[in-house]
Each structure stands twice: as C-alpha cells, then as structure tokens.
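Below is the structure I would like to discuss, written out as structure tokens.
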Amino acid sequence: MAQLNRSASPMIRQTKHIDSSNSKPHWWEVGGKICFYDARGEVAQLHIQQLQEEAVRIVRQHPSGIRLMPLARGVHNLHPEAPFASIPPALHSMGRTTFTNAVSRPERGLYVPTRKSVPPVTIPADQEEEFLLPLAAFLEGDVEELTAAVPLGSQGLGDPWGLPDIVGVYRRCAGDSFSWTPEILAVEVRGTTEDLLSAYGQAAAHQLFATKTYLALPHTLSLRDRRELVARCQLHGLGLILFGPGPRDEYTVLIPARRCPPAPDEALRFSERLRAHDEEKFRTLFG
C-alpha cells in the first residue's frame, strides 16, 4: 500500500520527472523512495526496496528468466496507483548492486533467479554406450532423416581427434529410384558442462568429414554459456542439443545442424578408421 507523505526533506537530492502536459512533477525519486501524486492530488510514496522485493518474487516464478518490461508490469499490477514509468528505474539495480544473491543478470534486460549449483552429469566409461543409445534413436527418429545411427564413443582409440560419440548415415536403400553420396552425421556428446571450449572444438573438427554435426550437452548449461554457444554454433553451422535432467531424459534441439559439404578425402579416411574400429557398426551404417 502506498504511504502518504506530504513533505519531502529539502536537504535530500531529488530526481524529478515532469509531466509535459502541465509542467507538474509526474513522479520523483528521493531517499530510496518513489514519490508521486495519487488520485486525490496528494503525495504518495513507495519504497524502492519494497518494489524490488516484490520483483524478486516474480523473478522466482520464471526459472528461465524474465525481461525488464514484463517484470515491471508485474510489479505495477501490485501498485496500479503508481505511474508505470516509475517502476523500471526502480528495478535497474537488481542483480547488480542489490539482491545479487537472489537475482542474476546474464545479459542486458534479463532477470534470472539465482540457482544453486547443480552437480555435473557424468557418464561412467562402462555405461557410455547405454547412455548414447537413446540419443542415437532420438536423432534417427525425431531430428534427422537418417538410414541408421549408432553410438560409438571414443574409448581406447588412442587418437587425440577420436571418433564422434554418435554417427548417423543417410544413404540409398534398396528400392530407391536413384543413388546419392552417403551423408554422415556426427554428434559430440559431453556429460558435463565443464571445458566447453574443448567440446565445441571437438565438434567443429568433425565437420571435416561430416555433412551435419551436433554438440549435445546437459541442460544445466548456464544462460551465459548457452548464449555464447548458440552464437558460435549458428556461425559455423553446428547443431546444439540439450538433454536432462538425467542422461536418458528429455532432449531439446536448440539449433538444427546446417548442411556443410565435407572434404571427400577426409570422409573416406573417416570411414576407413570407423571400419577398423568396429566392423559391425560400419556395416550397420554403410551396408
């Protein structure tokens, strides 16, 4: 509720916002309060801290974040007697100098509730293929038009470049009226959000032989990291998939992969390495 205050101390510096229609102060800020004229023409005031506390409660209702204007409208709905123009300035310091333990500002104009750190998802080596199977099935059935997709992993290759964690192929099948060069799809999967630059670099390296390439990461990826990865994936044609909360749970395609013609000699070399690594999976993919 607005509190009435008929006098403001002349010793406190005031920031006034004039109503151009009658040159009368529409609202002003003084001593940590927003002051304005109510419907009766009397001076009313709202504490900025109170407005920010109400804003924090609204932010917590939006786990993925809320923009400044919708947030200001939510606060204004609680105080319709106040000029709406006075609300956004009262919220500017949130997440920067006030309520930093409750609200973060990963980008300009976005308010996100601060979350407790979530332990990274890790994939034991002996369970790697079991983890990759549902993601391979998701890619084959829901994301891309693939003839086959198999989990590989890069355990025991002894090669710093390794193989993709999942490989899919789109090729001619019996009964097709014409043939085409098989297209390879590669997926780099990381069970943790640590060392994202390495994960991105490894996925980009697969573009040398793959027509389409995806990077799959846990959904616990921070908003800042997500924004950085989205920009880079869009720039270089990489697809981005998030999974979670568990490694076998829901998958979300943030960015579909863009078709990028591979180097033919590198595609051939990859198929030879794959055949040497696992003859059975090679035949599943290439027939």
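So which pairs qualify, if the first residue must be in region 259-287 and touching a residue at least 12 places away in the same chain (Cβ under 8 Å), the second must be surrounded by 11 or more Cβ atoms within 10 Å (Cβ to Cβ) and in a helix (DSSP H, G or I), the Cβ gap must be under 6 Å, and the two must be at least 6 apart or on different chains?
From region 259-287, the pairs are 274/282.
In region 70-97, how many residues are in contact (Cβ under 8 Å) with a residue 24 or more places away in the chain and in a helix (DSSP H, G or I)?
Number satisfying all stated conditions: 9.
Identify, from the list 190, 108, the residue that is assigned by TED's automatic domain parsing to the domain that holds residue 60 and modelled with pLDDT of 80 or more.
On inspection, the qualifying residue turns out to be 108.
Would you point out which residue out of 209, 270 is within 22 Å of residue 286 (Cβ to Cβ) and either at pLDDT below 90 or of a type in the set (S, T, N, Q) (or both)?
Unique residue meeting the criteria: 270.
Any idea which of 267, 263 is among the small types (Gly, Ala, Ser) and either surrounded by fewer than 17 Cβ atoms within 10 Å (Cβ to Cβ) or not assigned by TED's automatic domain parsing to the domain that holds residue 133 (or both)?
263
Let me ask something else about it. Within region 200-213, is there a residue that is within 20 Å of residue 138 (Cα to Cα), in contact (Cβ under 8 Å) with a residue 24 or more places away in the chain and assigned to a loop (DSSP other than H, G, I, E, B)?
yes
Sticking with this structure for a sec: Looking at (1) within 26 Å of residue 147 (Cα to Cα); (2) of a type in the set (Ser, Thr, Tyr); (3) surrounded by 14 or more Cβ atoms within 10 Å (Cβ to Cβ), which is the only condition residue 252 fails?
Among (1) within 26 Å of residue 147 (Cα to Cα); (2) of a type in the set (Ser, Thr, Tyr); (3) surrounded by 14 or more Cβ atoms within 10 Å (Cβ to Cβ), the lone unmet condition for residue 252 is (3).
Another question, if that's okay. Within region 216-229, identify whether any single residue is buried (at least 17 other Cβ atoms within 10 Å of the Cβ), under 19 Å from residue 149 (Cβ atoms) and either in the same structural domain as residue 148 (by TED's automatic domain parsing) or modelled with pLDDT of 95 or more (or both), and answer yes or no.
Among the residues of region 216-229, at least one is buried (at least 17 other Cβ atoms within 10 Å of the Cβ), under 19 Å from residue 149 (Cβ atoms) and either in the same structural domain as residue 148 (by TED's automatic domain parsing) or modelled with pLDDT of 95 or more (or both), which makes the answer yes.
Next up: Just to verify a result, which residue in region 225-276, among those that are acidic (Asp, Glu) and part of a loop (DSSP other than H, G, I, E, B), is nearest to residue 142 (Cα to Cα)?
The selected residue is 250.
Have a look at 156, 168 and point out the one that is modelled with pLDDT under 85 and of a type in the set (Gly, Ala, Ser).
It is 156.
The values are calculated or read from the model by the stated rules, or taken from the named source; none is laboratory data. Remember, predicted model here, so these are calculated numbers, not experimental data. Note that each Cβ is placed from the backbone with ideal geometry, even for glycine, and that neighbours are counted across all protein chains shown.
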